[in-house]
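Have a look at the structure below before the remarks.
The values are calculated or read from the model by the stated rules, or taken from the named source; none is laboratory data. In this text, all values refer to a predicted model and were calculated from it rather than measured experimentally. Glycine also receives a Cβ, built like all others from the backbone with ideal geometry; neighbour counts cover every protein chain displayed. The accessibility values were calculated without ligands, DNA or RNA, using every heavy atom of the protein model including side chains. Shrake-Rupley method; radii C 1.70, N 1.55, O 1.52, S 1.80 Å.
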Amino acid sequence: MLNVLKSGSISGVDGIVINVETDVSRGMPAFSIVGLPDNAVKESKDRIRTAIINSGHSFPQKRITVNLAPAGVKKEGAGFDLSMAVSIMASIYNMNIKKIKDFIIVGELALDGSVRPVKGILPIAIAASEHKLKGVIVAEKNGEEASAVKGIDVFTVSHLNDVVRLLSEDSYPVYISKGILQKASTNLDFGDVKGHEQAKRALEIAAAGAHNVLMVGSPGSGKTMLARRIPSILPPLEDAEKIETTKLFSVSGLCTEEGLVTERPFRSPHHTLSDVALIGGGVPPRPGEVSLAHNGVLFLDELPEFKRNALEVLRQPVEDGVVTISRAMSTATYPASFMLIAAMNPCPCGYLLDRKKSCTCNEKDIRRYKNKISGPLLDRIDISIVVNSVPYEELRDKKSTMTSEEMMERVKKCRNIQKTRFKDKKYLTNSRMEAKDIELFCILSKEADVMLKLGMEKLGISARGYSRIMKVARTIADLDFSEIIEKQHIAEAFQYYGRSYFET
């Protein structure tokens, strides 16, 4: 007897529909799975047989052949367990499976028949919606994630026998979202930061225009403290961004039972991570830290301590906002549009720019340390600032400073201006402007034009540096609600051009 049900798999960050074709026929008892299964899929034969028996059912002593179609797509993971088990049981008991033929069935089976959650449920549920299917049948712990997709029914099961009950009952309940939003709660606030007014101003500009930032300063000066507060001034994720971000977390197995991610990601990998962990890849390919930081912040502390190769692979995603992982059998593309926030000491001992302590490094060591950061990577950083230690008087100062909430309101207004400006573009922030758009949207006053010309000649700024200064100046003008870039906007943008430190 032949049964055909549907299951789902992942390709990159997108879900694909897999047909589970099961034939149970006379012959020597055998159980074979075809259609490019990986080891986890092949091992499902033992899980399925034991789960069916331990659920109180008999396993057929017949020839069972399961084909996972399309056969040319590699099948990975244990998510096919449930659909294969249901298909086999339907053949044994002659069940009417019309009720679930238009549902994607995904779940891993335990040996006692219970259904375990799997990763990648959100993109699979999206695939069900795109293919005009009725819905999905998933483990209970995957229910909230799947219910984020509107227009489909979600059935949750905790045991193999629940599917049998779903087939036999007319009133099996559809999962109803609890409305829980997944977020990492944080109490970090810029209002708690004493001093660092110039650094906070620079980070507000960076958040407003999604600019990349490099902070240089001595150990303990507050670089990490400032970086960790940047998500608190970023605007909330929009609906499309929530889906994009949750898909990446889902295929990486980082989603909880609480549904969509609603806060912008903040990823802070250690400097010992590999190139693959940073950029993505592996077998099968998985998103790296740059993709997990999509729509959020990637913070690289102690930047020169990262491997040179790992830093160089950052150049393409920082520029293009996507990562493409190519393998002999397949190619996966992951979004990677993030704010890069980097921090470093100015020299090996860390006190070259410090106001209180003297540097003990020789000139050769300082030069070697600076050279760990390549010019092409520096050219992709819009804002560079020096973060000095805070004087005692400022630490003890009782007057209040601008809070994250106040800064966020200014950032949101600035982002809304950019959204209107770039409504016909593929991007929504000043940092992503192309050369032709800089000329179109960055209109200078006469005084600003003169200052820009003099500054570029004096500092020997390249064409790429010119673009960076114009983008930052455009954001500063937007924060002042100015259509024209004025002299003071160009002057402040020059303050954040940090190549001079690396060229001395």
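Per residue, the chain exposes an accessible area of 46 Å² to a 1.4 Å probe, with every protein chain left in place. Given their separation in residues at 0.36 nm each and the Cα-Cα distance between them, residue 1 and residue 403 gain 138.0 nm when the chain is fully extended. The Cα-based radius of gyration of region 186-279, divided by its Kirkwood radius, gives an Rg/Rh of 1.00.
Pairs of Lys residues in region 1-132 are counted when their Cα atoms are under 23 angstrom apart and they lie 8 or more places apart or on different chains; the count is 29.
At a Förster distance of 35 Å, what's the computed FRET efficiency of residue 134 paired with residue 283, Cβ-Cβ distance as r, to 0.05?
0.55
The mean sequence distance of close C-alpha pairs (under 8 Å, at least 6 residues apart), as a share of the length of region 1-122, puts its relative contact order at 34 percent.
So if each residue of separation counts as 0.36 nm, and I subtract the Cα-Cα distance between residue 463 and residue 38, what length gain in nm does that give? List each step's numbers first, then the result.
Values: separation 425, 0.36 × 425 = 153.00 nm, distance 5.00 nm.
148.0 nm is the gain from fully extending residue 463 to residue 38.
Among the lysines of region 389-504, pairs at least eight places apart or on separate chains and with Cα atoms under 21 Å apart come to 27.
Report, to two decimal places, the Cα Rg of region 1-111 normalised by 2.2 N^0.38 Å (N = number of residues). Walk me through the intermediate numbers first.
Details: Rg = 13.0 Å, N = 111, 2.2 N^0.38 = 13.2 Å.
Against the empirical 2.2 N^0.38 Å value, I get 0.99 for region 1-111.
Using only the C-alpha atoms, the convex hull of region 236-291 corresponds to 87 Å³ per residue.
I'd like to compare 375-387, 262-274, 470-482: which one has the highest average count of other Cβ atoms within 10 Å, and what's the full order after that?
Details: 375-387: 19.7, 262-274: 17.0, 470-482: 21.7.
Order by mean packing, descending: 470-482, 375-387, 262-274.
When restricted to Cα atoms, region 320-458 yields an Rg and a Dmax of 21.1, 62 Å, respectively.
Rg and Dmax of region 36-100, based on Cα coordinates, read 12.3, 36 Å. Rolling a 1.4 angstrom probe over region 398-443 with all protein chains present gives an accessible area of which 53% lies on carbon and sulfur atoms.
Using the Kirkwood radius built from alpha carbon pairs, what does the Stokes-Einstein equation give as D for region 118-229 at 4 °C and 1.567 mPa s, in µm² per second? Mind showing how you got there, number by number?
Working: Rh = 18.2 Å.
Translational D for this selection: 71 µm²/s.
What ranking, highest mean first, results for peptides 24-34, 245-255, 50-60 when packing means the other Cβ atoms within 10 Å averaged over each residue? Intermediate results must be reported in sequence, preceding the final value.
Values: 24-34: 13.0, 245-255: 22.7, 50-60: 16.5.
Peptide ranking by packing, descending: 245-255, 50-60, 24-34.
Relative to the globular-protein estimate of 2.2 N^0.38 Å, the Cα radius of gyration of region 380-496 stands at 1.21.
Apolar share of the accessible surface for region 270-345: 53 percent from carbon plus sulfur atoms, 1.4 Å probe. List the lysines whose Cα lies under 16 Å from the Cα of residue 364, skipping any in the same chain that are fewer than 8 positions away. Correct list for residue 364: 372. For the pair residue 363 and residue 434, a Förster radius of 30 Å applied to the C-beta separation gives a FRET efficiency near 0.15, rounded to the nearest 0.05. The eigenvalues of the Cα gyration tensor, multiplied by 5 and square-rooted, give the chain an equivalent ellipsoid with semi-axes of 54, 23, 21 Å from largest to smallest. Taking Cα atoms only, the orientation of helix 239-251 departs from the longest principal axis of the chain by about 60 degrees.
Assuming charge only on the beta carbon of Lys and Arg (+1) and of Asp and Glu (-1), the dipole of the chain about its Cα centre is about 680 debye to the nearest 20.
Among 335-341, 296-302, how do they line up from the highest to the lowest mean number of other beta-carbon atoms within 10 Å?
On the way: 335-341: 25.0, 296-302: 22.1.
Going by the mean number of other Cβ atoms within 10 Å, highest first, we get 335-341, 296-302.
The modelled label-to-label distance for the pair residue 453/residue 61, using points 7 Å beyond Cα in the direction of Cβ, is 9.6 nm.
Between residue 330 and residue 94, the FRET efficiency from the beta-carbon distance, with R0 = 35 Å, is close to 0.35.
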